[in-house]
């Protein structure tokens, strides 16, 4: 799993937090009634099923990290509709019995409904969500000496339900830090040389942290 971006995201968030508090220390502004929010962050994706099963061979996928971005519209202080996705691609290593067999990039995006608990001005606000996602796979490559050498790898777009659980920590009436976990359930077909040879079962859990703004 690539973790290079995570420390940078955490450092940036920690560095920004005191500034956000200082700017609003004497403000009478409230978070109540703010109807839009955007969150930028980093997500760490780890497959839970992690099985690519062909007719005779079995492969698995490494985890990865990517930048994420979401935009939410709040119907009221508690209910929101969120559009979420990876702003960059997750880069995965494909492993076979003989070691690395290839690589593939993925980029999920989703829309979901969420319920945010507690008042809008609460310091800590948990939330739950349920929605629909699609995860595109592209840039499939194989190694020259691996189990898939000489073949053309393809992975169909995965589609299914996405469940979300998270928490927002208020930094000011307009800024907040977010941590969440998302489960993406859905299989896709696995192709070799244009022929369907099995299923790609990934069903990843994506753990994310980010910084958000409400307005």
Pick from 128, 153, 184: which is buried (at least 19 other Cβ atoms within 10 Å of the Cβ) and at pLDDT 90 or above? 184
Residue 109 - would you say it is touching a strand residue (DSSP E or B) at 6+ places or on another chain (Cβ under 9 Å), exposed (fewer than 13 other Cβ atoms within 10 Å of the Cβ), modelled with pLDDT of 95 or more and part of a strand (DSSP E or B)? no
Do any strands (runs of 3 or more DSSP E) entirely within region 139-215 hold 2 or more residues that are touching a helix residue (DSSP H, G or I) at 6+ places or on another chain (Cβ under 8 Å), and if so, which? 175-185, 204-214
Going through 91, 99 one at a time, which residue ends up being surrounded by fewer than 19 Cβ atoms within 10 Å (Cβ to Cβ), in contact (Cβ under 8 Å) with a residue 40 or more places away in the chain, over 21 Å from the mean Cα position of the chain (by Cα) and farther than 17 Å from residue 211 by Cα? 99
Under 20 Å from residue 158 (Cβ atoms), at pLDDT 80 or above, surrounded by fewer than 19 Cβ atoms within 10 Å (Cβ to Cβ) and under 17 Å from the mean Cα position of the chain (by Cα): is that true of residue 48 in this structure? yes
Would you say residue 139 is surrounded by fewer than 18 Cβ atoms within 10 Å (Cβ to Cβ), at pLDDT below 95 and on the phi < 0 side of the Ramachandran plot? no
Return the total of residues in region 59-73 being in a strand (DSSP E or B) and either surrounded by fewer than 20 Cβ atoms within 10 Å (Cβ to Cβ) or free of Cβ contacts under 8 Å to residues at least 24 places away in the same chain (or both). 5
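The values are calculated or read from the model by the stated rules, or taken from the named source; none is laboratory data. These numbers were taken from a predicted model, which means no experiment stands behind them. Note that each Cβ is placed from the backbone with ideal geometry, even for glycine, and that neighbours are counted across all protein chains shown.
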